[in-house]
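K.L.:
Got a structure for you, written out below as structure tokens; questions coming shortly.
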Amino acid sequence: MGKLTVGVVFGGRSAEHEVSLVSATSILKALDPERYRVVPIGISKDGRWIVHEKALEWLKENTVPDRFRCAVFPEPEESRLLIVEENGGNVSFRYSPAIDLFFPVLHGTFGEDGTIQGLFELMDVPYVGAGVLGSAVGMDKVVQKTLLRFAGLPVVQFLSYTQEQNPLHVKGEIKEIETKLHYPIFVKPANLGSSVGITKAHNRGELRTGIELAFQYDRKIILEQGIEPVREIEISVLGNESPRASLPGEIIPSREFYDYEAKYVDDGSKLLIPAPLPEETVKRIQELAIRAYQVAGCEGMARVDFLMRGDELYVSEINTIPGFTMISMYPKLWEASGLPFSRLLDELIDLAMRRHQARKRLRTSYESESDWYRRTTT
Ligand SMILES: Nc1ncnc2c1ncn2[C@@H]1O[C@H](COP(=O)(O)OP(=O)(O)O)[C@@H](O)[C@H]1O
Ligand SMILES: [Mg+2]
């Protein structure tokens, strides 16, 4: 069997661009060169695609030469990328190798939200992780929580507002919020990750500034009942139709909550792997995680995060492309459950191929008995 050509996509138009570069570094290192031929595909912060051996290095150092462009064909049977290079007045073109599979290692907008997954669907190339729907659901905290609640899964009380309904501009609305939720209240943009734009509001003043901040990042925000005291439990799920869950892990943030600094900048946050929990709680978390994964339409992989107070468990969020460095929770939990990093990558790639094959078997056309559409004139 020949090697599989894997297009690893990283960077991206997202507040989590840098996180993606770190995840991609680990994945590029761990992909087995005996099995895979890697085509690195970097996406700059302004959305330019760079297909080049040095793409990761350039993005990290912020030295991407602006002479590269890349064209992607939205048609099945053509999975080569057209690399365009401009040198002075000269423009040259060449094709990348045909991509057998895409591995998006992108966090946040335009990577984890279904947009790039839609492009891969059009190209009809297999790709790792959730499809368009699962990705979009995973990205929108309001839609996600609404679905989970409807399916009977435990989620915290929450309210949501669009920019048009901004509670700062509606008389009495802040008081109304205070009758439905009590402090601390978490204020978040609906569609971001890595804790960007999130405020833990302890009082009315902080609620107001939190709402203002969240609206700088998104046109829709969510206000959540803060859980206190809280334990943060995370668990890794892997699979398509019959997903399985790893052992859970626990986060001990270095700060008041697990904000951007606590996640990436400080060294003080701790991961406990596995989480010190009784066996029956572990089982309950695994069951809830798998149900949440299925309700949200996930495939391939996701990390499901929980908030825990005493015995109460709440599904907090689903990340369809979780952090993926060697020391990130998602791969670490699998390692602790007997699946090392490289084999996890093999399995994700295998799941992507299987989903694609299963889709291929579906009918995509319907032969009508009549030629009704030819007679349609308006
Ligand atoms: N309702 C809540 N109660 C207590 N802590 C919360 C709540 N919501 C968020 N947090 C804290 O904020 C962090 C980030 O929130 P989260 O919803 O996970 O956003 P992100 O998608 O940016 O990771 C969590 O890891 C947790 O520390
Ligand atoms: Mg989170």
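The values are calculated or read from the model by the stated rules, or taken from the named source; none is laboratory data. Since this is a predicted model, take the numbers as computed values, not measurements. Cβ sites come from the backbone with ideal geometry, for glycine too, and all protein chains shown count toward neighbours.
K.L.:
Being under 19 Å from the mean Cα position of the chain (by Cα) and either over 15 Å from Ala296 (Cα atoms) or not assigned by TED's automatic domain parsing to the domain that holds Gly323 (or both) narrows it down to one residue among Gly172, Gly134, Gly152; which is it?
P.N.:
After applying the criteria, what remains is Gly134.
K.L.:
Right, next: Consider Arg284 carefully, then state whether it is in contact (Cβ under 8 Å) with a residue 40 or more places away in the chain and on the phi < 0 side of the Ramachandran plot.
P.N.:
Answer is no for this residue.
K.L.:
Continuing with the same structure: Can you name the residue in the range 249-267 that is free of Cβ contacts under 8 Å to residues at least 40 places away in the same chain and in a strand (DSSP E or B) and, of all such residues, is farthest from the chain's Cα centre (by Cα)?
P.N.:
Ile252
K.L.:
If you check Ser79 against the conditions, is it free of Cβ contacts under 8 Å to residues at least 40 places away in the same chain and buried (at least 19 other Cβ atoms within 10 Å of the Cβ)?
P.N.:
no
K.L.:
Return the residues of the range 86-109 that are exposed (fewer than 15 other Cβ atoms within 10 Å of the Cβ) and in contact with a strand residue (DSSP E or B) (Cβ under 9 Å, 6 or more places away or on another chain); say none if nothing qualifies.
P.N.:
Glu86, Val91, Ser92, Phe93, Arg94, Tyr95, Pro97, Ala98
K.L.:
Among the listed residues Pro322, Pro340, identify the single one that is within 20 Å of the chain's Cα centre (by Cα) and either within 13 Å of ligand 1 (Cβ to nearest atom) or without any contact (Cβ under 8 Å) to a residue 40 or more places away in the chain (or both).
P.N.:
Being within 20 Å of the chain's Cα centre (by Cα) and either within 13 Å of ligand 1 (Cβ to nearest atom) or without any contact (Cβ under 8 Å) to a residue 40 or more places away in the chain (or both) holds for just one of Pro322, Pro340, which is Pro322.
K.L.:
Between Pro189, Pro184, Pro154, Pro167, which is in contact with a His (Cβ under 6 Å, 6 or more places away or on another chain) and touching a residue at least 12 places away in the same chain (Cβ under 8 Å)?
P.N.:
On inspection, the qualifying residue turns out to be Pro184.
K.L.:
Just the residues that are more than 21 Å from Glu299 (Cα to Cα), at pLDDT 80 or above and not in a loop (DSSP other than H, G, I, E, B), please, taken from the range 324-374.
P.N.:
Of everything in the range 324-374, those that are more than 21 Å from Glu299 (Cα to Cα), at pLDDT 80 or above and not in a loop (DSSP other than H, G, I, E, B) turn out to be Ala336, Tyr373, Arg374.
K.L.:
Going through Trp372, Trp334 one at a time, which residue ends up being without any contact (Cβ under 8 Å) to a residue 12 or more places away in the chain, outside the structural domain of Phe103 (by TED's automatic domain parsing) and hydrophobic (A, V, I, L, M, F, W, C)?
P.N.:
Residue meeting the stated conditions: Trp372.
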